[in-house]
Amino acid sequence: MFLTRVDVAVYGLCCAFLTTWILSARVLVRKYASFKSESRACAWLVAVPTSLVMTSAGLMAILDLVKGVQQGVLVRELLFAEPTYARWLCCYFLAHCHVDLVLAYALWPKEIDMLTGPIHHGIYTVFLLFCILRLDLSYGFALFGVDEFPNVLLAVGNIHTPWRQDWTFGITWLVLRILWHTVAMFLVVSNLGFSSYFFVCFVSIGSFVMHIWWWWGWLSSKIPGMKKKKSPAQTAPPSSKTEKKEISPQTQNSASVSVAVSPENSATAALVDGVRAQKAQAETAGASAPPSEKGEGARLLPS
């Protein structure tokens, strides 16, 4: 089963709800909230209802999983159970992706991030339409719904700065988006088979890797000493970096002048001039002397 009329109706209602919520809450945020950037605060408005809806559906899916296992139902059968709330959740998330992109480009284009915006929403549009709704795997998608709870804290902190709770956000991200995601990923991949449902398993594993990467980056910014240290060459003062630069022509000329007038070079020049004068005198005297005297005079010159 692909998209039914009910799915399309739910999708349309969700688009209308999210659009109304964002435009209405935007007015309240401008009037009452305390934020660093108005456009950034408004861009996070869509995450508040979406995170709450996803978390609620995720908790329902976990409860159904526990009940099913207690009753002896196989996990693979549960994954294809296709409960109504799980299917509507997929339609809601589709609406979230599309409304978020349209309003972002229209109202706050500077806040658009290519990875978490067009790329993320584009991949999930294809994923939900052709891999979840078409294959009746919406329950498996709902199992990961609780992953979105940390986004409630993140969104509220960006909308109203005094409500920001960094460490609470980091701990819930670790517990839900990494630990619980590992459990849900294992259930999905082991029961569906990687080769049979490649794209479903690939998105599950790929998002897990991204969650670890993002969380490690956040942790590195919070704990002193975890940031990458710079090399000595990067941390050296500017004066030491320029010591090995080539000497300019003007500096070379001034250096040669100073060397030429130094005492040692003056003495050497005087000695050479003296030797040249003696040689000139000997040649002048030898020009009028007999050949024997010329030879004696030549031997008096220093070698």
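The values are calculated or read from the model by the stated rules, or taken from the named source; none is laboratory data. This structure is a prediction, so every number in the text was calculated from the model and none was measured. As a convention, Cβ positions derive from the backbone with ideal geometry for all residues, glycine included, and neighbour counts pool all protein chains shown. The protein model used for the area step is the full one, side chains on, heavy atoms only, and it has no ligands, DNA or RNA in it. Shrake-Rupley method; radii C 1.70, N 1.55, O 1.52, S 1.80 Å.
Please find, within the range 191-203, the residue that is farthest from residue 131 (Cα to Cα) out of those that are in contact (Cβ under 8 Å) with a residue 40 or more places away in the chain and part of a helix (DSSP H, G or I).
191
All but one of (1) out of contact with any Ser or Thr (no Cβ under 6 Å at 6 or more places or on another chain); (2) buried (at least 17 other Cβ atoms within 10 Å of the Cβ); (3) touching a residue at least 24 places away in the same chain (Cβ under 8 Å); (4) not basic (Lys, Arg) hold for residue 120; which doesn't?
So residue 120 meets the others, but not (3).
Between a residue in the range 204-217 that is among the small types (Gly, Ala, Ser) and open to solvent by less than 70 Å² (accessible area, probe 1.4 Å) and any residue that is modelled with pLDDT of 90 or more and assigned to a helix (DSSP H, G or I), which pairs come within a Cβ distance under 6 Å, given they are 6 or more apart or on different chains?
Matching pairs, first to second residue: 204/185; 204/188.
Could you list, in sequence order, all residues of the range 191-213 that are under 22 Å from the mean Cα position of the chain (by Cα) and of a type in the set (Phe, Trp, Tyr)?
Once the filter is applied, which keeps residues that are under 22 Å from the mean Cα position of the chain (by Cα) and of a type in the set (Phe, Trp, Tyr), the range 191-213 yields 202, 208, 213.
Among residues belonging to the range 138-168 that are open to solvent by 20 Å² or more (accessible area, probe 1.4 Å) and without any contact (Cβ under 8 Å) to a residue 40 or more places away in the chain, point out the one that is farthest from residue 41 (Cα to Cα).
Among those that are open to solvent by 20 Å² or more (accessible area, probe 1.4 Å) and without any contact (Cβ under 8 Å) to a residue 40 or more places away in the chain, it is 168.
Is it the case that some residue within the range 65-75 is assigned to a helix (DSSP H, G or I), in contact (Cβ under 8 Å) with a residue 60 or more places away in the chain and of a type outside the set (A, V, I, L, M)?
no
Can you name the residue in the range 1-22 that is assigned to a loop (DSSP other than H, G, I, E, B) and open to solvent by 50 Å² or more (accessible area, probe 1.4 Å) and is also farthest from residue 97 (Cα to Cα) among such residues?
For the range 1-22, the residue satisfying everything is 1.
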